[in-house]
1. Sort L133, L5 by Cβ crowding within 10 Å, fewest neighbours at the top.
2. So which residue, out of G33, G88, G113, gets the largest mean-square fluctuation from a GNM of the chain using Cα contacts under 10 Å as springs?
3. Mind listing the phi-derived Karplus ³J(HN,Hα) values for region 80-93, rounded to whole Hz, using 6.51, -1.76 and 1.60 with θ = phi - 60°, and x for any glycine or proline?
4. Once you have the Kirkwood Rh of the chain from its Cα pairs, apply Stokes-Einstein at 25 °C and 0.890 mPa s and quote D in µm²/s.
5. If each residue of separation counts as 0.36 nm, what is the full-extension length gain between F42 and K64 once their alpha-carbon separation is subtracted?
6. Under a GNM of the chain (C-alpha, springs under 10 Å), which listed residue has the highest mean-square fluctuation: D20, D124, D65?
7. Taking the Cβ-Cβ separation of T13 and Q135 as r and a Förster radius of 41 Å, what is the calculated FRET efficiency to the nearest 0.05?
Amino acid sequence: MKLILETLTYKTTEETDILDITHDVSRCVRGAGIAHGFVNLFIPGSTGSLTTIEFESGVINDLKDAIERMAPKNIPYAHDLRWGDGNGYSHVRAALLGPSLQVPIIAGNLALGTWQQIVLCDFDNRPRQRRVLVQLVGEV
């Protein structure tokens, strides 16, 4: 069994920024030389999340619209009243999608569907530098 830890870093814009990180995660898998196992991804912070989706402009806009309907930006949030930073919606959005994702590795490749990509979602109301912690576990 092999365990490898890596960190990926991304600069994000403000509001709802969705980045395709599949290529970078695949590069980590290839570099680790793991044939069978899994990759566990985690984003530290309470206004970012990880998920999978087809990374295509139409569905990305659909996801942004759905997130806006679930946790609208322009409604009162108790967090904003307490801290005054205006990003209460960002915390709620990130909590709904979650901070981590696990993907199987089969025959040295991520076991993703044909149109499935790994995406980092940053919901904060200001640009950020985001880290994604990558844990690779498996057989060589």
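1. Details: L133 15, L5 12.
In order of increasing Cβ crowding within 10 Å: L5, L133.
2. Checking each option, the largest mean-square fluctuation is seen for G113.
3. Result, ordered by residue: 5, 5, 6, 9, x, 9, x, 10, x, 4, 5, 5, 5, 4 Hz.
4. Details: Rh = 15.8 Å.
Reported coefficient: 156 µm²/s.
5. The F42-K64 span can extend by a further 5.8 nm.
6. With Cα springs under 10 Å in the chain, the top fluctuation among D20, D124, D65 is at D65.
7. Values: r = 27 Å, r/R0 = 0.66.
About 0.90, to the nearest 0.05.
Quick note: the coordinates plus some simple rules give every number you see, no bench work behind them. Only a predicted model underlies this, so the values are computations on that prediction, with no experimental measurement involved. With ideal geometry, Cβ positions are generated from the backbone for all residues, glycine too; neighbour counts draw on all protein chains shown.
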